[in-house]
Amino acid sequence: MKKFTKIISKAIPLAVENVDTDQIIPARFLKATDKKGFGDNVFRDWRFDKNGAINTDFSLNNPIYTGSILIAGDNFGCGSSREHAAWALVGYGFKVIVSSFFADIFKGNALNNGLLPLQVSPKFLSILMKTVQENPATEIEVDLENQKISIKKLEISEGFDIDPYKKTCLINGYDDIDYLVSKKEMIEAFEAQRL
Amino acid sequence: MGKTLFDKIWDSHVVDAIENGPQVLYIDKHLIHEVTSPQAFNELKERSIPVYRPNQIVATADHNTPTMDQHLPIKDALSRNQLEQLSKNCADNDITLYELGHQYNGIVHVMAPELGITQPGMTMVCGDSHTSTHGAFGAIAFGIGTSQVAQVFASQCLLLTKPKSLRVTVNGTLKKGVLPKDVILYIISKLGTNSGTGYFCEYAGDVFENMSMEGRMTVCNMSIEMGARGGMIAPDETTFEYIKERKFAPQGENFDKKVAYWKTLPSDDDAVFDQEYTFDAADIAPMLTYGTNPGMGIKITETIPIDENPSFKKSLEYMNFEAGASLINQPINYVFIGSCTNSRIEDFRVAADYIKGKQKAKNVTAWLVPGSKQVETQIIEEGLKAIFDEAGFELRQPGCSACLAMNDDKIPKGEYCVSTSNRNFEGRQGQGSRTILASPLVAAATAIEGKIIDITKHLN
Ligand code: SF4
């Protein structure tokens, strides 16, 4: 996993609530046996119409919006446990998703792939969404160390929460497997005592 | 202070806790399938980590499998490859696999309880959000992502923060024609799709106490649709009776010992939940969804609410429904009875009971997809297949099928499908398809009439 510290980037607005995992990556693209290539199909059925033509109304297709931060409506990532959703977002180039609420499993999956699900207040989200929609050149700073997100030009910022263990993992680029494998003896002792 | 059912199981599975961080939770059973496991196997291989406890893992093929001609090679090369990978990974790592065509094959959340793999007091995980189903037995069961699948492969443990506790109590007597599916659709329509996020939910009250195991599984299955990681119901005589003598259940004296332990699991009377909701069974009616998330549900006799929220409007636009309209008499061309929510024998009995002696409407394509090989066999043995055949329904072979339309069972663009599955997301049952979630009874009645009817008027 890549290390994550601070990001300064423009952002792409996606003003839709309850974005579910089937929209992030439709089920027909889940047949792969590796993690590659999902980025090409992220939001497939919103980015392209049924005939494969580009839907120019969709913000990801609008060349005025760029950057590695996605700003989404409330309750992002609900639905399936499929990590393919996180792989698709990471594969497309996102490093941060900002929303006022995230579904549990999605949040965990994102963190396990170095993608930061950043929860802000509904008020901050609406300011952020509006600012980016109106002025796509706006730069957003995400400072993981200090747990702060800022809209640079407006000099507005908000703090955000993150599990301290997960924060350490992101900053150092480790994952849970390393930790769990290091606990083998303790796990064996637990098993023995339960028999 | 007393402990909840959830606390008792969770606390007895904590191996260690990180200061200011998550706990290391021991996992008793790990279920896997073809879609969410291959990348986890690759991860382990790349890091040269062996699978730690292969005998605590059970695999099945379900998401991507065809529901016709299962004895023939699979035509779609990508699907075939995914299933071959699963077989190879299981063989290489000594994992039991019930592959396509095996007498125990089926949807992971149907086959495991049926074989007695699911038991009270266990911690169970699967790379699938509807793992919450197994909570019906009084187990802690929840869906995980593929990175976590790899973690369980490597250590039989997960790093987790203990969720908060939620209890939903429903007391009273259900009206005629109100099935467990209606109970959970009703609860979600009242609480919304994210009310359970951060919580593990226990269902309590006489409605659940009087429910069969099949019904309890239907309810727990959809816990994730209100955002909860899992749902659970206290184990009782109904639970013990169901498990007894199943293939992997403890047998004889061992079973009695287990039962004695299982009886200690229900929440203590003085246990305190972080959040509680209570409903009255008499308020629940047969339900339908009208939108693109499972919280957008109404009683079959109600009209679609009026709401100015842009996401709400976008959803109605997708469904091509009008705010304020009724769904009664809405013509329907597709009906699907299946999925891990409603593909157990009881669901097909309910459908057959209604269908018997009637004919499917000409405009309707109706797929009946059993949850497992064992359910399929039972349908044939109990004579239900004959009823379905005579009425013009198509009984297919087991699998997830049109629930997520990864195989060929897709609902065409723009068509409505009254479906017993659990998700009505945009395109869930095929690109551009429109899903209306309902109980197997409402689905059966829709197939007979070719349109949605007020089922409450058709029950004698
Ligand atoms: S039946 Fe549907 S919800 Fe259930 S496991 Fe299969 S795809 Fe998932």
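The values are calculated or read from the model by the stated rules, or taken from the named source; none is laboratory data. Quick caveat, the model's predicted, so the values are computed rather than measured. Every residue, glycine among them, receives a Cβ derived from its backbone with ideal geometry; neighbour counts consider all protein chains shown.
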> Does B:Gly338 satisfy the condition of being at pLDDT 95 or above and within 13 Å of the ligand (Cβ to nearest atom)?
Replying inline: yes
> Out of (1) within 14 Å of chain A (Cβ to nearest Cβ); (2) not in a loop (DSSP other than H, G, I, E, B), what's the single condition that is false for B:Lys385?
Replying inline: (1)
>> Need the failing condition index for B:Lys88 against (1) in contact (Cβ under 8 Å) with a residue 24 or more places away in the chain; (2) among the charged types (D, E, K, R); (3) away from the ligand (no atom under 15 Å from the Cβ), just the number.
In response: (1)
> If a residue has to be within 16 Å of the ligand (Cβ to nearest atom), in contact (Cβ under 8 Å) with a residue 60 or more places away in the chain and out of contact with any strand residue (DSSP E or B) (no Cβ under 8 Å at 6 or more places or on another chain) to count, how many in the range B:4-35 make the cut?
Replying inline: 1
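Filtering the range B:405-416 down to residues that are away from the ligand (no atom under 16 Å from the Cβ) and more than 10 Å from chain A (Cβ to nearest Cβ), which residue is surrounded by the most Cβ atoms within 10 Å (Cβ to Cβ)? Break it down into steps so the answer makes sense when it comes.
Narrowing the range B:405-416 to residues away from the ligand (no atom under 16 Å from the Cβ): B:412-416.
Imposing the further condition that a residue be more than 10 Å from chain A (Cβ to nearest Cβ) reduces the set to B:412, B:415-416.
Details: B:Pro412: 14, B:Glu415: 17, B:Tyr416: 24.
Once the filter is applied, the top-ranked residue is B:Tyr416.
So that you can scan it fast, the table gives a plain yes or no per residue for (1) at positive phi; (2) out of contact with any Ser or Thr (no Cβ under 6 Å at 6 or more places or on another chain); (3) more than 14 Å from the ligand (Cβ to nearest atom):
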| site | (1), (2), (3) |
| --- | --- |
| B:Lys356 | no, yes, yes |
| B:Gly371 | no, no, no |
| B:Phe388 | no, yes, yes |
| B:Val418 | no, no, yes |
| B:Glu426 | no, no, yes |
| B:Gly430 | yes, yes, no |
> What pairs come up if the first residue lies in the range B:226-242 and is surrounded by fewer than 20 Cβ atoms within 10 Å (Cβ to Cβ), the second is at pLDDT 95 or above and β-branched (Val, Ile, Thr), and their beta carbons are under 7 Å apart, counting only those six or more places apart or on different chains?
Replying inline: B:Phe240/B:Val259
> Quick check: is even one residue across the range B:141-149 within 13 Å of the ligand (Cβ to nearest atom), touching a residue at least 40 places away in the same chain (Cβ under 8 Å) and not aliphatic (A, V, I, L, M)?
Replying inline: yes
>> Condition (residue is at pLDDT 95 or above, more than 14 Å from the ligand (Cβ to nearest atom), away from chain A (no Cβ under 14 Å) and closer than 23 Å to B:Phe312 by Cα) applied to the range B:393-404: is it met by at least one residue?
In response: no
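Being crowded, with 17+ Cβ neighbours inside 10 Å, touching a helix residue (DSSP H, G or I) at 6+ places or on another chain (Cβ under 6 Å) and within 29 Å of A:Gly114 (Cβ to Cβ) narrows it down to one of B:His109, B:His130, so name that one.
Details: B:His109 fails: within 29 Å of A:Gly114 (Cβ to Cβ).
Just one listed residue meets the conditions, B:His130.
Output the number of residues of the range B:434-453 satisfying the condition of being assigned to a loop (DSSP other than H, G, I, E, B) and either among the hydrophobic types (A, V, I, L, M, F, W, C) or surrounded by fewer than 24 Cβ atoms within 10 Å (Cβ to Cβ) (or both). It would help to see each step written out before you state the result.
Just the residues of the range B:434-453 that are assigned to a loop (DSSP other than H, G, I, E, B), to begin with: B:438-439, B:450, B:452-453.
This time we only want the ones that are either among the hydrophobic types (A, V, I, L, M, F, W, C) or surrounded by fewer than 24 Cβ atoms within 10 Å (Cβ to Cβ) (or both), so: B:438, B:450, B:452-453.
Counting residues in the range B:434-453 that are assigned to a loop (DSSP other than H, G, I, E, B) and either among the hydrophobic types (A, V, I, L, M, F, W, C) or surrounded by fewer than 24 Cβ atoms within 10 Å (Cβ to Cβ) (or both) gives 4.
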